[in-house]
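Here the structure is laid out as structure tokens; the discussion comes afterwards.
Derivation of every value follows stated rules applied to the coordinates shown; laboratory data play no part. The structure displayed is predicted, hence computed values, not measured ones. Backbone-built Cβ (ideal geometry, glycine too); neighbour counts: all protein chains shown.
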Amino acid sequence: MSEALAFTLDVDADNIGWLTLDRPGSSANTLGRAVLLELQQQLDALERRALRGLVLRSSKPSGFIAGADIREINTLGSEANALELITLGQRIYSRLEALPYPTVAAIHGYALGGGLELALACRYRIAVGDSKLSLGLPEVLLGLHPGFGGTVRSVRLLGVRPAMSLMLTGRSVRADQALKLGLVDRLIAGADQLDAAARQMIQAAPSPHRPPLLERALSWPGLRALLRPLLLRQVRSRARREHYPAPYAIVALWAKFGARGDAAMSAEARSFAALLASDSGRNLIRVFLLQDRLKGLAGKSSARLERVHVIGAGVMGGDIAAWCALRGLSVTLQDRELKLIEPAIARATALYAKRLSTPAERAAASERLRADVDGSGVAAADVVIEAIFEDLDAKRSLYAAAEPRMAAGAVLASNTSSLTLELLATTLADPGHLVGLHFFNPVPQMPLVEVVHFPPTRPAVLSSAMALTRRIDKLPLPCRSSPGFLVNRVLFPYLFEALHAAGEGIGFNAIDRAAVDFGMPMGPMELADVVGLDVLLHVGEIVTRELHKEAPAYVHKVRLLVQAKQLGRKSGQGFYPWRDGKVSRPPGHTPVPEDLADRLILSMVNECVACLREGIVEDADLIDAGVIFGTGFAPFRGGPLAYARARGIGACIARLEALAKRYGVRFRPDTGWQTLRDTA
């Protein structure tokens, strides 16, 4: 029996070819060796035919092409194998580009990475201009850069600065931005119009898009030399070369070759292969695969999830409600008075203006979010989310009022960040419908949601909570109920070690620089300001009390700041002054103690080992995933436990023992290190 084909070619009465991609057994089209070789066979035939034009399209409802098959790329093993596959892809894309008749990429949904590079090899691109459209070259987020000719074709099509912006940030652009950039030649309203629009494009055969003269001129040798330092300065402001070499490689390729000629293509392939073999590349691909694993944890659920009721319209509750409505759910938002809900509605309106492409989509999202002072939405909700302040008695009182009104089979979820479900459930009539849904702030940006369960939680309730998390495009991490769950549990030793250092007289800037030099997105003192010193104090007290740990003496200073209403970023003053939402650091460059980075990072890693030993989550990979997506732990290191394995389990234990001898028992290696050593 022959293997199912990914590509099918049909030629219509107008002599237009329709090449349709539908990768068998997959919900999304990705590009692996087998698909590329099949495209090569199609090109063998297409080069011999005198067609009027060719349309490339996808039959997947989700989108065009999601990119290269990362799992396959991750198994290539050697730099030589990677170079061979990338060179094959480049050769095939160049043959498509060289076809003597018009070619059109008909795009709906996403066209990312190698999928967008395939579209760039076509003469024209048309796309469905709704909010599902996502076009981008995100390879830099995997520690790589485009490899199928994208570093060359993107510059030729868009110009230097727009192409560099896409490649260096890995960001995706929405419909109106894509049209403005020239990334697409035409936008249409619906997928049912794609074929007709592609046919019209072939029949009209307009001149292909070209960037403005200035953008073309920037690739001339003299101007390249002037622009290169500016691009490198931008890259350095976001990433260090030793941590993230890929963006530097993108600039280097353009600076040397100007996105021209076979030499540029060959250099792109060699550079891609070298990055794939680097520690950063391997670890960032690991992070991508961890993300995929989290997505898959939700599995299939038969639960009907259409209506959500959120109680608590503060920053967290309001933003949870806004996000759920953005993702298509009907949401009611409750608080004591309408005036407490109105700021959340205003933030939601701003979110929809930023995230949605058309006025109709923005209006529809706004209509799905409704203020509900009386709480009438409780009775109709499939999920009721409590998102009030972290007070046990207040939460129990809320449940006593809401639970009797909930529909049969509805889920009761708490956004608690530290209180265990065992404590929350003591007054519930039905503890089995309680879960934790711990979102992170800011909700629109943070991808992780800890889905917390305890023995009474019914499997169907946990399944519904996991399904809701994926329905709103978040990453679910199932956690056993325990003080602080996973993320806050491992974050507080890190934050408190920073307070220990501050109590020793080490400057805030030096503390933060130690963490940033390691690769953290921001230092712990700045992070505490962002979280809010009141939150740091309150949640920290709960976690340390429940885990029988000792807080640093410097917590007294934090308490004084909170009493003075100096809460961090939200009040304009905390450990640092803040101006327009940005930290204002004092001048000067104080030295960083040699052991400070280890004190901060190994405190967190040691707590991760304890969580693994206690079974807070299922395995070490899920700990790495949770800490990366919940705290921003240096992604290029692959996660805290991956970092420990790379450094050496014995070396980590020895360093912790040395720190314990100098600073105290808080650094004593957890007994779980031996298990980690045995599985390394």
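With axes computed from alpha carbons, what is the tilt in degrees of helix 194-204 against the longest principal axis of the chain, rounded to the nearest 10 within 0 to 90?
It works out to around 40 degrees.
Any idea how far apart ASN81 and HIS548 come out in nm if each label point goes 7 Å out from Cα toward Cβ?
Label-label distance for ASN81 and HIS548, simple model: 4.9 nm.
Residue by residue through the range 11-20, which ³J(HN,Hα) values in whole Hz follow from phi under the Karplus form 6.51 cos²θ - 1.76 cosθ + 1.60 (θ = phi - 60°), with glycine and proline marked x?
Residue by residue, the range 11-20 yields 10, 8, 5, 8, 6, 9, x, 10, 9, 10 Hz.
Can you tell me the length gained on complete extension of the stretch ALA401 to GLN445, counting 0.36 nm per residue apart and subtracting the Cα distance?
Computed gain between ALA401 and GLN445 is 12.6 nm.
What FRET efficiency comes out for ALA45 versus ALA364 if R0 is 51 angstrom and r is the Cβ-Cβ distance? Round to the nearest 0.05.
0.70
If you put +1 on each Lys and Arg Cβ and -1 on each Asp and Glu Cβ, how big is the dipole of the range 553-680 around its Cα centre, in Debye rounded to 20?
820 debye
Beyond 32 Å between alpha-carbons counts as too far, so tell me which of LYS395/LYS570; LYS132/LYS565; LYS300/LYS339 fall in that bin.
Violating the 32 Å limit, Cα to Cα: LYS132/LYS565; LYS300/LYS339.
Report the one residue of ALA267, GLY299, ALA277 whose Cα lies farthest in the direction of the positive end of the charge dipole of the range 263-306 (charges on C-beta: Lys and Arg +1, Asp and Glu -1; origin at the Cα centre).
So the residue we want is GLY299.
By how many degrees, 0 to 90 and rounded to 10, does the Cα axis of helix 487-503 deviate from the longest principal axis of the chain?
Roughly 70 degrees, rounded to the nearest 10.
Could you go through the range 83-100 in sequence order and give the Karplus-derived ³J(HN,Hα) for each residue, using 6.51 cos²θ - 1.76 cosθ + 1.60 with θ = phi - 60°, rounded to whole Hz, and x for Gly and Pro?
4, 5, 5, 5, 5, 4, x, 4, 5, 5, 5, 5, 5, 4, 4, 8, 4, x
Could you work out how far helix 221-238 tilts from the main Cα principal axis of the chain, as a 0 to 90 degree angle to the nearest 10?
20 degrees
What list of ³J(HN,Hα) couplings, whole Hz, do you get for the range 541-546 from phi and the Karplus terms 6.51, -1.76, 1.60, once you set θ to phi - 60° and write x for glycine and proline?
Listing the rounded values in order: 5, 5, 5, 5, 5, 5 Hz.
Would you be so kind as to identify which of LEU419, PHE439, ALA394 lies farthest towards the positive end of the dipole of the range 386-476, taking Lys and Arg as +1 and Asp and Glu as -1 on Cβ and the Cα centre as origin?
PHE439
Would you please name the trypsin sites (Lys or Arg not before Pro) within the range 33-118 that are DSSP coil residues with at most 12 other C-beta atoms within 10 Å of their C-beta?
Passing both the DSSP loop test and the Cβ count: ARG48.
Report the calculated FRET efficiency for ALA274 and VAL665 (r = Cβ-Cβ distance, R0 = 45 Å), to the nearest 0.05.
Once rounded, the FRET efficiency stands at 0.50.
Could you list which residues have their amide H under 5 Å from that of ASN29, counting only those 5 or more apart in sequence or on another chain, with H placed in the peptide plane?
Distant-sequence amide H within range of ASN29: ALA66.
Taking loop as defined by DSSP and a crowding limit of 13 other beta carbons within 10 Å, which GluC sites (Glu not before Pro) in the range 541-623 fit?
When the GluC sites (Glu not before Pro) of the range 541-623 are filtered for loop state and at most 13 Cβ neighbours within 10 Å, GLU550, GLU594 remain.
What is the order of CYS479, CYS608, fewest Cβ neighbours within 10 Å to most?
Sorted ascending by nearby Cβ count, the order is CYS479, CYS608.
Let's see if you can work this out: charge +1 on each Lys and Arg Cβ, -1 on each Asp and Glu Cβ, no other charges. What is the dipole magnitude of the range 7-277 about its Cα centre, in debye to the nearest 20?
1120 debye
If you average the alpha carbon positions of the range 165-195 and of the range 223-278, how far apart do those two centres end up, in angstrom?
24 Å
I'd like to know which of PRO100, LEU253, VAL152 lies farthest towards the positive end of the charge dipole of the range 7-277, counting +1 on Cβ of Lys and Arg and -1 on Cβ of Asp and Glu.
Checked the options; the winner is LEU253.
Using only helices, what value at 222 nm comes out for the chain when you add -39,500 (n - 2.57) per DSSP H run of length 4 or more and divide by the total residues, to the nearest 500 deg cm²/dmol?
-15500 deg cm²/dmol
Evaluate the distance, in nm, between pseudo-label points positioned 7 Å from the Cα of HIS243 and of ALA98 along their respective Cα→Cβ axes.
4.3 nm
Counting DSSP beta bridges in the chain, what percent are antiparallel, to the nearest 5?
So the antiparallel bridges in the chain amount to around 25 percent.
Measuring from label point to label point, each 7 Å out along Cα→Cβ, what is the GLN563 to LEU392 span in nm?
2.5 nm
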